[in-house]
């Protein structure tokens, strides 16, 4: 059973990234399943650290983007929104080029918090980063003052 409370049209969801960090890093939502969301990010000069490897912060940006987007899709945005509370990431494999793909799945969808696991893999499907994102669910009025 789908967990989404909003339409999951990819064009609409990717449109939220205009003029943001996600656009600068070319993070794209590529697929939405019944209870998961996936997206990609290129590994190139924009996302490298000085040694030519994928920057850990870029992986965290991808993970937070995927988890935050997924969290928002589970809510009625007229009433409430989700904001990042905590993120933890373990970087397990270096990547020099290509595309990485992250997949976010909910571990907990509560009234006031959500917890998402985001797995980021290289083009061969090997784990690059595993992240856990905790989101606070807050009334919309608390964010849009």
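The values are calculated or read from the model by the stated rules, or taken from the named source; none is laboratory data. What you see is a predicted model; the values in this text were computed from it and never measured. Cβ: placed from backbone, ideal geometry, glycine included. Neighbour counts: every protein chain shown.
Looking at the stretch 1-28 only, could you name the residues that are outside any loop (DSSP other than H, G, I, E, B) and closer than 15 Å to residue 59 by Cα? Hits for the stretch 1-28 are 21, 22, 23, 24, 25, 28.
Listed by first and then second residue, the pairs with beta-carbon distance under 7 Å, at least 6 apart or on different chains, first residue in the stretch 40-60 and in contact (Cβ under 8 Å) with a residue 60 or more places away in the chain and at positive phi, second surrounded by fewer than 12 Cβ atoms within 10 Å (Cβ to Cβ) and outside any loop (DSSP other than H, G, I, E, B), form an empty list.
Every test in (1) without any contact (Cβ under 8 Å) to a residue 24 or more places away in the chain; (2) outside any strand (DSSP E or B); (3) touching a strand residue (DSSP E or B) at 6+ places or on another chain (Cβ under 8 Å) is passed by residue 31 save one, and that test is (2). Restricting 50, 77 to residues that are more than 19 Å from residue 130 (Cβ to Cβ), at pLDDT below 95 and part of a loop (DSSP other than H, G, I, E, B) narrows the list to 77. In the condition set (1) closer than 17 Å to residue 121 by Cβ; (2) within 17 Å of the chain's Cα centre (by Cα); (3) touching a residue at least 12 places away in the same chain (Cβ under 8 Å), residue 98 is compliant with all but (2).
Tallying residues that are surrounded by 20 or more Cβ atoms within 10 Å (Cβ to Cβ) and closer than 14 Å to residue 75 by Cβ within the stretch 95-116 yields 2. Selection of the stretch 28-54 for residues being farther than 16 Å from residue 95 by Cα and either surrounded by 12 or more Cβ atoms within 10 Å (Cβ to Cβ) or within 12 Å of the chain's Cα centre (by Cα) (or both) yields 28, 29, 30, 31, 32, 33, 35, 36, 37, 38, 39. Condition check: in contact with a helix residue (DSSP H, G or I) (Cβ under 6 Å, 6 or more places away or on another chain), surrounded by 14 or more Cβ atoms within 10 Å (Cβ to Cβ) and assigned to a helix (DSSP H, G or I). Does residue 65 satisfy that? Yes: the conditions hold for residue 65. Kindly check whether there is at least one residue in the stretch 101-112 that is in contact with a helix residue (DSSP H, G or I) (Cβ under 6 Å, 6 or more places away or on another chain) and not in a loop (DSSP other than H, G, I, E, B). Looking for residues that are in contact with a helix residue (DSSP H, G or I) (Cβ under 6 Å, 6 or more places away or on another chain) and not in a loop (DSSP other than H, G, I, E, B), one finds at least one in the stretch 101-112, hence yes.
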